[in-house]
Each structure stands twice: as structure tokens, then as C-alpha cells.
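Visitor: Before I ask anything, let me first share the structure, which is written out below as C-alpha cells.
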Amino acid sequence: MLCVAGCLLGCGFVFTSATMVSVVIRRWCSTNLGKYTSIILAANGLGAAVGSPIVNPIINRPGDPYAYRQAYLLTAGIMAVTGVIVLLLMREK
């Protein structure tokens with residue numbers, strides 16, 4: 001059951017991230033769409049590579065069985081700040 005949920009979650013991430021990137025790129029750029037799309041998708045992977053070593057020690061804190069909650073709060077805070085910045089910078093057509 002966990003594998004099925006993981007596959008569905010992965011498919012959801014793939015379709016929503018690629019769709020959102022193409023919408024944002026088309027609103028901001030008229031040329032070099034492929035280059036800018038690849039830069040944003042590479043930054044997505046870089047964020048995961050940088051974020052994992054930061055969040056992992058918080059989750060695996062010795063003696064604190066509920067340390068994962070702080071990791072969730074940190075991740076939610078980063079996502080909220082990023083979301084506000086994106087909303088402020090997003091152009092309308």
C-alpha cells in the first residue's frame with residue numbers, strides 16, 4: 001500500500017511541477033523557454049539536495065521522538081515565505 005501511495009505522490013509531483021514551471025516561464029519570458037525551464041527544474045533538484053542535509057538532523061535528533069514536527073514546521077515556513085515571494089513577483093498576462 002505504501003508503494004502505491006508513493007507512486008501516486010510521485011506522479012502528482014511530476015505533473016504539477018512541470019505544468020507550473022511552463023506557466024511561469026511563459027508569463028515571464030518570450031524567448032529561450034527551454035533554457036529557463038531547465039534552470040528552474042535544476043533548481044528544484046538543488047533545493048532537495050541542499051534541504052535534505054538540513055532537515056535530516058532535525059528529524060533524527062536523539063532522544064526526541066517528536067523531532068519530525070520541527071522539521072515539518074521548518075519546511076512549512078520556508079514554503080510559506082517562498083509562496084509569498086512568488087505571489088508578489090508573479091505577473092498577470
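Visitor: When Lys and Arg each count +1 and Asp and Glu each count -1, what net charge do the other residues less than 14 Å away from Ile40, Cβ to Cβ, add up to?
Guide: With Lys, Arg at +1 and Asp, Glu at -1, the neighbours total +3.
Visitor: Could you tell me which residue out of Leu73, Leu89, Ala42 lies farthest along the dipole of the chain toward its positive end? Charges go on the beta carbon: Lys and Arg +1, Asp and Glu -1, centred on the Cα centre.
Guide: Leu89
Visitor: Using the basic label-point model (7 angstrom from Cα toward the beta carbon), what is the Ser30 to Ala5 distance in nanometres?
Guide: 4.8
Visitor: I've got another one for you. So who's got an amide H within less than 5 Å of the one on Arg61, skipping anything under 5 residues away but keeping other chains? H placed 1.01 Å off N, in plane.
Guide: none
Visitor: Spelling out what I want: for every residue of the range 77-90, take phi, set θ = phi - 60°, compute 6.51 cos²θ - 1.76 cosθ + 1.60 (Karplus), and round to whole Hz; glycine and proline get x.
Guide: For the range 77-90, the Karplus curve yields x, 5, 5, 5, 5, 4, x, 5, 4, 5, 5, 6, 8, 5 Hz.
Visitor: Which length gain, in nm to one decimal place, applies between Leu89 and Ala49 when the Cα-Cα distance is subtracted from 0.36 nm times their residue separation?
Guide: So the chain would gain 11.9 nm between Leu89 and Ala49.
Visitor: Just the number, please: carbon plus sulfur as a percent of the accessible area of the chain, 1.4 Å probe, no ligands or DNA/RNA counted.
Guide: 73
Visitor: What ratio of Cα Rg to 2.2 N^0.38 Å holds for the range 1-88?
Guide: So the Cα radius of gyration is 1.35 times the expected 2.2 N^0.38 Å.
Visitor: Under 8 Å for C-alpha pairs, at least 6 residues apart: give me the relative contact order for the chain, rounded to a whole percent.
Guide: Across the chain, relative contact order equals 23 percent.
Visitor: If you count only protein heavy atoms with a 1.4 Å probe, what accessible area per residue comes out for the chain, rounded to a whole Å²?
Guide: 81
Visitor: Quote the accessible area belonging to Thr37 in square angstrom, nearest 10, computed with a 1.4 Å probe and with ligands, DNA and RNA left uncounted.
Guide: Answer for Thr37: close to 40 Å² accessible.
Visitor: Sticking with this structure for a sec: Can you give the FRET efficiency to the nearest 0.05 for Leu41 and Tyr66, using r as the Cβ-Cβ distance and R₀ = 30 Å?
Guide: 0.30
Visitor: Once phi is turned into θ = phi - 60°, what whole-Hz ³J(HN,Hα) does the Karplus curve with 6.51, -1.76 and 1.60 give for every residue of the range 63-75, x standing for Gly and Pro?
Guide: Coupling constants for the range 63-75: x, 10, x, 10, 5, 4, 5, 5, 5, 5, 5, 4, 5 Hz.
Visitor: Quick check for me: using +1 on Lys/Arg Cβ and -1 on Asp/Glu Cβ, what's the dipole size of the chain about its Cα centre, in debye to the nearest 20?
Guide: Here the chain has a charge dipole of around 300 debye.
The values are calculated or read from the model by the stated rules, or taken from the named source; none is laboratory data. The shown structure was predicted, so the numbers you read here are calculated from the model rather than taken from an experiment. Please note: Cβ atoms are built from the backbone with ideal geometry, for glycine as well, and neighbour counts cover all protein chains shown. In case anyone asks, the SASA skips ligands and DNA or RNA and just uses the protein heavy atoms, side chains included. Shrake-Rupley method; radii C 1.70, N 1.55, O 1.52, S 1.80 Å.
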